[in-house]
Amino acid sequence: MLELLHIENIAVIEEADIQFHAGFNALTGETGAGKSIVIDAMGAVLGGRTSRELIRTGADRAFVSAVFSGVSADLPGLAANSITPDEDGNLLLQREISGDGKNACRVNGRPITVAQLRSIGGELLNIHGQHDGQQLLDEEQHGSYLDRFGRTGEALAAYQREYETMTDLRSQIRTLQMDEAEKARRMDSLRFQIDELERAELVPGEEEELEGRRALLRNGEKYLAALSGADFALSGDEEGGGALSCLREAETAVFSIRTLEDDLEELYKRLEAVRCEVFDLAEIVRERRAGFDFSPAELDALESRADQLYRLKKKYGPSVEDMLAYLEKCQGELDAIETAGDTLILLERKLQKAEKAVHTAGSALTKARKTAAKSLEQRIQKELQELDMRKIRFVIDISEKEPAADGCDAIRFLMSANVGEDLRPIAKIASGGELARIMLALKNVLAEQEAIGTLVFDEVDTGVSGRAAQKVAEKLAQVSRRKQVLCVTHLPQLAAMADTHFSVEKGERKGRTYTEVVQLDRERRKAELARITGGSKVTEALLESAGELLDEAETYRRSL
């Protein structure tokens, strides 16, 4: 149950705390006062879509929080996100919306994503908007309503697994069933590409090795000159000289006095070590110089190979490894086409089995839906009678259709508004008021199947008046004995039937528009009901009538 809704800087609401109660809660107010903004705030804290335009002008952020009580730790959304209510069964949902479009969401203080908030919020509260009744006009939605009521999720999932297998096999068969001319063209193309790549004799990693060797050969003269200079500096020539010769002379000179002092012994050892290191360096330089074979023919060959790889990469991939992978793919496709006849036979056999499995799973789903349809028809018919629609016949028509992702059934809600008239699709004959009541009946029946504790109706009374309005009020009162009901309404019958009545009032303060939500006592309820009934002019007769309406509503609630 929703205990407390806290709102900051949402549209015209600067700040509001609404303490909801069990049973039937009604919100009334002038058009434009901000009643629907309260509903928008609820949607936001439940993870619904929002925009920066929702933030109050002049504020840099908006904030909404909601406290729910009596929350079961077994809810799938909570379990999936490893969240549990506190020890008293309370759950705190929070959402902050920044001007830059960023969101900060928390549940019991734990940060979560908007998607996680949505999955949790959808199990706590259900909002029936002003235009939800229009969904009944979309026959594609009728199957989902029936599946929700009949809890056919397991049968539907089993069918969809078989259907996915069947469609995948059909796709594979279509790919192989190309005409002979197209097949010949494709095979020629594949053979040419395979031959070109195989003749190239590609080797993984050869590009890096080729580039390194090519760079060296391009700079061959510079390379040799540098090594020759280093060799002369280290080893000298036939006439002597070089660093190595000088170091050897220095070492020999110090050798004769090395025993005179300890420091001279250390100096000698260091000279000896330096000479040995320079000797090693000289050998390395000499070997590199002797081992370098500069051949213009080799450079030409490398340039030719690099050009070949460049042309192949433009056609088959950005690297040698990618080209080899493409070669493997072409070989596999060519093999598949060449053996397509055998593969087709195998796939067609699998398809026959898959089609039978789809038919079997579809039949099981249809059976479950037909069983659920009979029960739903009876429940809806009973609900409609209680909503003063006794002459309406409501039938769920299930006919066969080609297998699709949602099953093999075309599901339509049909109705007859008057005695003697044929059943026809709801979209063709239902009025706005009838749509609202049928949707209310459907929501009520579905809510009984679900663990959601709070139902919100945003102007469910659209198109309803008079006796029908009274029946809708009574139905909401009945529902509120099992679930918490929050209702935004313009009808006095619904407002009077509420256990708790809130008024949404707009005003001005310091040149700014603000909205506040006030819980009404009996006297203020009478005044509000009189305003709803008679407009701006509230007379004693209207106040007396409002009092009688409240008394009648209280008497009815006591009878439940």
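The values are calculated or read from the model by the stated rules, or taken from the named source; none is laboratory data. As the structure is a computational prediction, the values presented were derived from the model and not from experiment. Here the Cβ positions follow ideal geometry from the backbone for every residue, glycine too, while neighbour counts run over all protein chains shown. The area values use the complete protein model at the heavy-atom level, side chains included, leaving out ligands, DNA and RNA. Shrake-Rupley method; radii C 1.70, N 1.55, O 1.52, S 1.80 Å.
For region 33-48, which positions are open to solvent by less than 10 Å² (accessible area, probe 1.4 Å), touching a helix residue (DSSP H, G or I) at 6+ places or on another chain (Cβ under 8 Å) and not in a loop (DSSP other than H, G, I, E, B)?
Matches in region 33-48: Ala44, Val45.
Which pairs turn up if I take residues in region 377-392 that are touching a residue at least 40 places away in the same chain (Cβ under 8 Å) and look for partners that are β-branched (Val, Ile, Thr) with beta carbon separation below 6 Å, at least 6 apart in sequence or on another chain?
Arg379/Val445; Leu384/Ile392
Which ones in region 307-362 are outside any helix (DSSP H, G or I) and either within 23 Å of Thr167 (Cα to Cα) or open to solvent by 40 Å² or more (accessible area, probe 1.4 Å) (or both)?
Result: Pro318, Thr339.
Considering only residues that are within 14 Å of Lys102 (Cβ to Cβ) and within 23 Å of the chain's Cα centre (by Cα), look in region 49-62 and name the one that is most open to solvent (accessible area, probe 1.4 Å).
Arg52
Looking at region 426-442 only, could you name the residues that are open to solvent by 20 Å² or more (accessible area, probe 1.4 Å) and modelled with pLDDT of 80 or more?
none
For the structure I just gave you, tell me whether Glu30 is outside any loop (DSSP other than H, G, I, E, B) and surrounded by fewer than 18 Cβ atoms within 10 Å (Cβ to Cβ).
no
To keep it simple, each residue is scored yes or no on (1) in contact with a strand residue (DSSP E or B) (Cβ under 8 Å, 6 or more places away or on another chain); (2) of a type in the set (A, V, I, L, M); (3) modelled with pLDDT of 90 or more.
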| site | (1), (2), (3) |
| --- | --- |
| Arg369 | yes, no, yes |
| Leu384 | yes, yes, no |
| Ile396 | yes, yes, yes |
| Ala410 | yes, yes, yes |
| Val445 | no, yes, no |
| Gln449 | no, no, no |
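Looking only at residues that are of a type in the set (Gly, Ala, Ser) and in contact with a Ser or Thr (Cβ under 9 Å, 6 or more places away or on another chain) in region 403-423, which one is least open to solvent (accessible area, probe 1.4 Å)?
Looking at residues that are of a type in the set (Gly, Ala, Ser) and in contact with a Ser or Thr (Cβ under 9 Å, 6 or more places away or on another chain), I get Gly407.
Test Ala115 against the criterion of being open to solvent by 20 Å² or more (accessible area, probe 1.4 Å), part of a loop (DSSP other than H, G, I, E, B) and either in contact with a Gly (Cβ under 9 Å, 6 or more places away or on another chain) or modelled with pLDDT of 95 or more (or both), and give yes or no.
no
Pick from region 179-238 the residues that are under 26 Å from Phe279 (Cβ atoms) and surrounded by 16 or more Cβ atoms within 10 Å (Cβ to Cβ): which of them is modelled with the lowest pLDDT?
Tyr223
Do you know which residues across region 63-79 are over 24 Å from Asp499 (Cβ atoms), in a loop (DSSP other than H, G, I, E, B) and open to solvent by less than 30 Å² (accessible area, probe 1.4 Å)?
The one that is over 24 Å from Asp499 (Cβ atoms), in a loop (DSSP other than H, G, I, E, B) and open to solvent by less than 30 Å² (accessible area, probe 1.4 Å): Leu75.
Got at least one residue in region 283-305 being exposed (fewer than 14 other Cβ atoms within 10 Å of the Cβ), touching a Phe, Trp or Tyr at 6+ places or on another chain (Cβ under 8 Å), modelled with pLDDT of 90 or more and not aliphatic (A, V, I, L, M)?
Checking region 283-305: not a single residue is exposed (fewer than 14 other Cβ atoms within 10 Å of the Cβ), touching a Phe, Trp or Tyr at 6+ places or on another chain (Cβ under 8 Å), modelled with pLDDT of 90 or more and not aliphatic (A, V, I, L, M).
Go through (1) in a loop (DSSP other than H, G, I, E, B); (2) over 23 Å from the mean Cα position of the chain (by Cα) for Leu146 and report which single condition fails.
Exception for Leu146: condition (1).
Looking at Ala16, Ala22, which one is among the small types (Gly, Ala, Ser), open to solvent by less than 50 Å² (accessible area, probe 1.4 Å) and either outside any loop (DSSP other than H, G, I, E, B) or closer than 21 Å to Asp458 by Cα (or both)?
After ruling out the rest, the residue left standing is Ala16.
Could you give me the residue pairs with C-beta distances under 7 Å whose first residue belongs to region 260-272 and is under 14 Å from Glu249 (Cα atoms), whose second residue is assigned to a helix (DSSP H, G or I) and open to solvent by 80 Å² or more (accessible area, probe 1.4 Å) wherever it lies, and which are 6+ apart or on separate chains?
Within 7 Å, the pairs are Tyr268/Phe255.
Failed condition for Val107, given (1) loosely packed, with under 13 Cβ neighbours inside 10 Å; (2) free of Cβ contacts under 8 Å to residues at least 60 places away in the same chain, with all others met?
With (1) loosely packed, with under 13 Cβ neighbours inside 10 Å; (2) free of Cβ contacts under 8 Å to residues at least 60 places away in the same chain applied to Val107, the lone miss is (1).
Residues of region 517-540 being assigned to a helix (DSSP H, G or I), at pLDDT 90 or above and open to solvent by 60 Å² or more (accessible area, probe 1.4 Å), which ones?
Arg522, Glu523, Arg524
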